[in-house]
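Values quoted throughout were computed directly from the atomic coordinates according to the rules given, and no laboratory measurement underlies them. What you are looking at is a predicted structure, and each value in this text was computed from that prediction instead of being measured. Cβ placement follows ideal geometry from the backbone for every residue including glycine, while neighbour counts extend to all protein chains displayed.
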Amino acid sequence: MAKIALFGANGGIGVHILREALRRGHDVTAVVRDPAKLAAEEHDRLAVLTGDVLDPRSVATAAAGHDALVSAVGGGYTDGAAHAALVVGAAASLAEGLRSLGPAAPGLYVVGGAGSLRTADGRQVWDADGLPELALQVMRGQGDALEYFRSVADVDWTYLSPAADIGPGERTGAYRTGLDDLVTAADGTSRISVADYAVAMLDEIEQPRHLGKRFTVAY
Ligand SMILES: NC(=O)c1ccc[n+]([C@@H]2O[C@H](COP(=O)([O-])OP(=O)(O)OC[C@H]3O[C@@H](n4cnc5c(N)ncnc54)[C@H](OP(=O)(O)O)[C@@H]3O)[C@@H](O)[C@H]2O)c1
């Protein structure tokens, strides 16, 4: 069993990663700004730590002694620039905090965005017509965070882009993966439930296949 530290454990995607990790028997340290927001997730293998992903010392403290560090942080959905600033700032802080642990640093697993994935027409998801400015800012911020990770060679990182559409739905345990190309079903849609996204994230943590890479998951 692994010891997993998780930023964003009370978030829409993070809580599913938390539950999937606990379901598989791992020990989880949930790193949150407000422990009260996790009150409903009591479990004997869950420890709660207060921390801020934008503080590299907080990242180092959270990650020390763990086998994996997951970041499922986001900057909310009312201010695209703030969301972008959070994921870009988090990327730098996560790398700096892990770097400070030297060879003892655990691998980093980042909940990423789908906007930068290539589409069948040779463009990228964020090139679609009519996207609202807020969504574009979030997508670009996530793209900038990915570019940043791609420049980092001294920290083990993996960036998991969801399908274009991620939301509530059943946990099937079945999914397909890709690298930089959007994974679509026969009808052209690209979708994954948050529960199955969490399955893919835990599968990767248990058996890393995409070290230093972005990969994506969809039905
Ligand atoms: N299709 C797509 O491409 C797609 C779709 C959805 C999400 N995403 C990405 O997935 C990530 C997670 O999304 P989500 O919908 O699960 O977000 P969410 O529900 O808004 O959750 C965000 C989490 O981040 C935490 N957080 C924010 N700032 C923090 C800080 N400074 N230190 C520690 N924790 C902090 C929040 O904690 P508080 O409660 O304390 O604020 C919350 O737990 C985002 O980065 C988003 O861009 C991509």
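Values as computed for the structure displayed
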item: Residue list for region 68-101, filter: out of contact with any Asp or Glu (no Cβ under 9 Å at 6 or more places or on another chain) and more than 26 Å from Ile166 (Cα to Cα); result: Glu96, Ser100, Leu101
item: Sole residue being in contact (Cβ under 8 Å) with a residue 12 or more places away in the chain, of a type outside the set (A, V, I, L, M) and within 20 Å of Leu134 (Cβ to Cβ), chosen from Gly97, Gly80, Gly107, Gly76; result: Gly80
item: Residue in region 21-30 that is over 20 Å from Glu206 (Cα atoms) and either surrounded by fewer than 16 Cβ atoms within 10 Å (Cβ to Cβ) or not charged (D, E, K, R) (or both) present; result: no
item: Qualifying residue in region 18-33 (condition: of a type in the set (Asp, Glu) and in contact with a Leu (Cβ under 9 Å, 6 or more places away or on another chain)); result: yes
item: Selection count where residues are within 8 Å of Ala218 (Cα to Cα) and either exposed (fewer than 14 other Cβ atoms within 10 Å of the Cβ) or more than 12 Å from the ligand (Cβ to nearest atom) (or both), scope region 162-182; result: 3
item: Subset tally (residues that are over 18 Å from Asp67 (Cα atoms), assigned to a loop (DSSP other than H, G, I, E, B) and of a type outside the set (Asp, Glu)) for region 35-50; result: 1
item: Ser116, sole failed condition from (1) in a loop (DSSP other than H, G, I, E, B); (2) surrounded by fewer than 23 Cβ atoms within 10 Å (Cβ to Cβ); result: (2)
item: Residues being among the hydrophobic types (A, V, I, L, M, F, W, C), in a loop (DSSP other than H, G, I, E, B) and touching a residue at least 24 places away in the same chain (Cβ under 8 Å) - total across region 162-199; result: 7
item: Condition broken by Leu18, with the remaining ones in (1) surrounded by fewer than 18 Cβ atoms within 10 Å (Cβ to Cβ); (2) under 20 Å from Pro168 (Cα atoms) satisfied; result: (1)
item: Residues of region 52-65 that turn out to be near the ligand (Cβ under 9 Å from one of its atoms) and under 17 Å from the mean Cα position of the chain (by Cα), as a count; result: 3
item: Residue list for region 112-134, restricted to those being without any contact (Cβ under 8 Å) to a residue 12 or more places away in the chain and within 13 Å of the ligand (Cβ to nearest atom); result: Gln124, Ala128, Leu131
item: Search result, residues across region 10-34 that are in a loop (DSSP other than H, G, I, E, B) and over 14 Å from Ala68 (Cα atoms); result: Asn10, Gly11, Gly12, Ile13, Arg24, Gly25, Arg33, Asp34
item: Index of the failed condition, Asp144 passing every other in (1) more than 12 Å from the ligand (Cβ to nearest atom); (2) acidic (Asp, Glu); (3) closer than 28 Å to Glu96 by Cβ; result: (1)
